[in-house]
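Report on the following structure.
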Amino acid sequence: MDWATVSALATGGGTLVLAGTTYASVRSANRAARVAELSLLAGLRPLIVPSADDDRVQRVEFADDTALMVPGGCAGVEVIDDRVYVALSLRNVGSGIAVLHGGFVTEQRVGVDEHEPLERVPRLTRDLYLPPGEVGFWQASFRSDPRRDDVRALVESGRFSVELLYGDFEGGQRMVTRIAVLREHDRWNLRVARHWQIDRDDPR
């Protein structure tokens, strides 16, 4: 028996077993880290929907001292001296703080599966935050904006959509939520139309 050969084979076998064990341990650690990361992100993830009909009325103020009173589950919409003001009453039903980045007012897009390109979404001039489970708002005014006349025409038609862009408070997990705005008698009611994931795989 060639003991040198036996010794080399035993050493090689032991090294192979050690390598396999190390590989399995590294994979297990990576899986655990990935699960921990997903759990952390889930805890930071916001999800915005219209507020409920019985939520409080909110006073939404604009920079020119105009103010809208916005009931729960509704939008506040006013045209004053060719200026258009829009505010939506919202609720964050996710588990993380939502930071609203901007919104795009457009025609109703029933059945349209593409949202407006992000570069076309006007950014808010101030940060708006919605804590988990709380009510807040999004607002926009069109005074000298190039789209003012288009938005006014949509308001006069009694139906339009707002595509909201928002994310978590660390700037990630961005989403677009399309909300339909419908004039019904003396109310502007809100309906969720679609959500899109921007920074991670979309579930659909």
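Have a look at His195, His185 and point out the one that is more than 19 Å from Gln58 (Cβ to Cβ), surrounded by 17 or more Cβ atoms within 10 Å (Cβ to Cβ) and at pLDDT below 95.
His195
Among the residues of region 137-154, how many are under 24 Å from the mean Cα position of the chain (by Cα) and touching a residue at least 60 places away in the same chain (Cβ under 8 Å)?
So the count comes out to 4.
If I filter region 90-115 down to residues being among the acidic types (Asp, Glu) and either without any contact (Cβ under 8 Å) to a residue 60 or more places away in the chain or not in a loop (DSSP other than H, G, I, E, B) (or both), which single residue comes out as surrounded by the fewest Cβ atoms within 10 Å (Cβ to Cβ)?
Glu114
crowded, with 16+ Cβ neighbours inside 10 Å, under 21 Å from Leu47 (Cα atoms) and over 14 Å from the mean Cα position of the chain (by Cα) - does that describe any residue in region 126-134?
Within region 126-134, none of the residues are crowded, with 16+ Cβ neighbours inside 10 Å, under 21 Å from Leu47 (Cα atoms) and over 14 Å from the mean Cα position of the chain (by Cα).
Counting only residues that are in a strand (DSSP E or B) and free of Cβ contacts under 8 Å to residues at least 60 places away in the same chain, how many does region 74-89 have?
4
Condition (residue is out of contact with any Leu (no Cβ under 9 Å at 6 or more places or on another chain), assigned by TED's automatic domain parsing to the domain that holds Gly167 and at pLDDT below 95) applied to region 136-144: is it met by at least one residue?
Yes, the conditions are met somewhere in region 136-144.
Is it fair to say Leu190 is in the same structural domain as Arg109 (by TED's automatic domain parsing), without any contact (Cβ under 8 Å) to a residue 60 or more places away in the chain, part of a strand (DSSP E or B) and closer than 21 Å to Arg59 by Cα?
No.
I want to confirm something. Restricting to region 157-187 and keeping residues that are touching a residue at least 40 places away in the same chain (Cβ under 8 Å) and among the acidic types (Asp, Glu), which single residue is farthest from Pro117 (Cα to Cα)?
Checking each candidate, the answer is Glu170.
Does any residue of region 35-52 turn out to be β-branched (Val, Ile, Thr) and modelled with pLDDT of 95 or more?
Yes; the residues of region 35-52 include at least one that is β-branched (Val, Ile, Thr) and modelled with pLDDT of 95 or more.
The values are calculated or read from the model by the stated rules, or taken from the named source; none is laboratory data. From a predicted model like this one, the values you see are computed outputs, not experimental measurements. For neighbour counting, all protein chains shown are included, and Cβ atoms are generated from backbone atoms with ideal geometry for every residue, glycine included.
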